[in-house]
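**Q** Got a structure for you, questions after.
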Amino acid sequence: MTTNRHFRDRMAAIFLLLLLSALCHAQQSKEIAGVWQNSAVLGSGWSDTYLFFEDGTFRFFYSQMDCAKREVSYTGNWKLDESDLILSIIDITILEGGEMVLSTGSCGSDSTLINAVEKKLLYDPPVRSVLHKVKYHVISIDGVERKTISLDGTKYWYYGEPKEMLKQFEN
């Protein structure tokens with residue numbers, strides 16, 4: 001009987017550890033989900049920005065202020081593994097053709113790409129990218145609490161829920 005009880009106690013302890021691990025992972029996933037820009041302030045457009053959705057998908061948008069860029073965005077799936085964020089990139093959106101002209105207005109680049117055509121390229125198999133040392137922080141700036149995450153040493157600032165803000169990134 002003591003063997004049976006010992007076995008049950010061990011199984012209960014293992015179950016509890018698995019449950020706590022799952023809850024901890026779920027909490028980390030909720031902390032990562034959101035719109036994260038690599039600047040604490042908004043300029044005339046968004047700078048490099050990740051949109052991490054709670055369902056494990058993501059979209060990355062290159063800076064809207066770089067008017068000469070050819071890479072627009074990429075999408076895929078994400079998951080946390082300890083302190084690493086593993087991205088599986090399934091497609092990339094690029095601008096093909098067009099011509100460069102001198103920038104005017106609010107561009108952060110010297111040139112502007114005009115008359116280019118947007119094209120989506122699929123990756124088969126998906127491209128795996130690992131962002132190391134994911135660190136989540138809450139910091140205070142002028143008395144205002146701000147969430148940040150560090151991905152491979154680059155700090156990103158939280159701006160809101162991705163479902164609510166996605167239209168600001170799509171053309």
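The values are calculated or read from the model by the stated rules, or taken from the named source; none is laboratory data. In this text the structure is predicted, and so the values were computed from the model without any measurement. Cβ coordinates were reconstructed from backbone atoms using ideal geometry, including for glycine residues, and neighbour counts include every protein chain displayed.
**Q** Any chance segment 76-98 includes a residue that's among the small types (Gly, Ala, Ser), in contact with a Phe, Trp or Tyr (Cβ under 8 Å, 6 or more places away or on another chain) and either within 22 Å of Phe169 (Cα to Cα) or in contact (Cβ under 8 Å) with a residue 40 or more places away in the chain (or both)?
**A** Looking for residues that are among the small types (Gly, Ala, Ser), in contact with a Phe, Trp or Tyr (Cβ under 8 Å, 6 or more places away or on another chain) and either within 22 Å of Phe169 (Cα to Cα) or in contact (Cβ under 8 Å) with a residue 40 or more places away in the chain (or both), one finds at least one in segment 76-98, hence yes.
**Q** Let me ask something else. Could you say whether any residue in segment 87-103 is at pLDDT 95 or above, touching a helix residue (DSSP H, G or I) at 6+ places or on another chain (Cβ under 7 Å) and crowded, with 16+ Cβ neighbours inside 10 Å?
**A** Checked segment 87-103: no residue is at pLDDT 95 or above, touching a helix residue (DSSP H, G or I) at 6+ places or on another chain (Cβ under 7 Å) and crowded, with 16+ Cβ neighbours inside 10 Å.
**Q** Then there is this: Which of the residues that make up segment 158-171 are aromatic (Phe, Trp, Tyr) and either part of a strand (DSSP E or B) or touching a Pro at 6+ places or on another chain (Cβ under 7 Å) (or both)?
**A** Tyr158, Tyr159
**Q** Out of the residues in segment 134-157 that are in a loop (DSSP other than H, G, I, E, B) and acidic (Asp, Glu), state the one that is modelled with the highest pLDDT.
**A** Filtering first and then ranking leaves Asp152.
**Q** Continuing with this model, one more query. Looking at Gly108, Gly76, can you tell me which residue is touching an Asp or Glu at 6+ places or on another chain (Cβ under 8 Å), outside any strand (DSSP E or B) and in the same structural domain as Tyr159 (by TED's automatic domain parsing)?
**A** Answer to the selection: Gly108.
**Q** Let me ask something additional. Please determine whether any residue of segment 126-133 is among the polar types (S, T, N, Q), in contact with a strand residue (DSSP E or B) (Cβ under 8 Å, 6 or more places away or on another chain), closer than 20 Å to Tyr50 by Cα and assigned to a strand (DSSP E or B).
**A** The answer is yes; a qualifying residue exists.
**Q** May I pose another question? Of the residues in segment 69-96, how many are more than 25 Å from Lys135 (Cα to Cα) and out of contact with any Leu (no Cβ under 9 Å at 6 or more places or on another chain)?
**A** Counting residues in segment 69-96 that are more than 25 Å from Lys135 (Cα to Cα) and out of contact with any Leu (no Cβ under 9 Å at 6 or more places or on another chain) gives 1.
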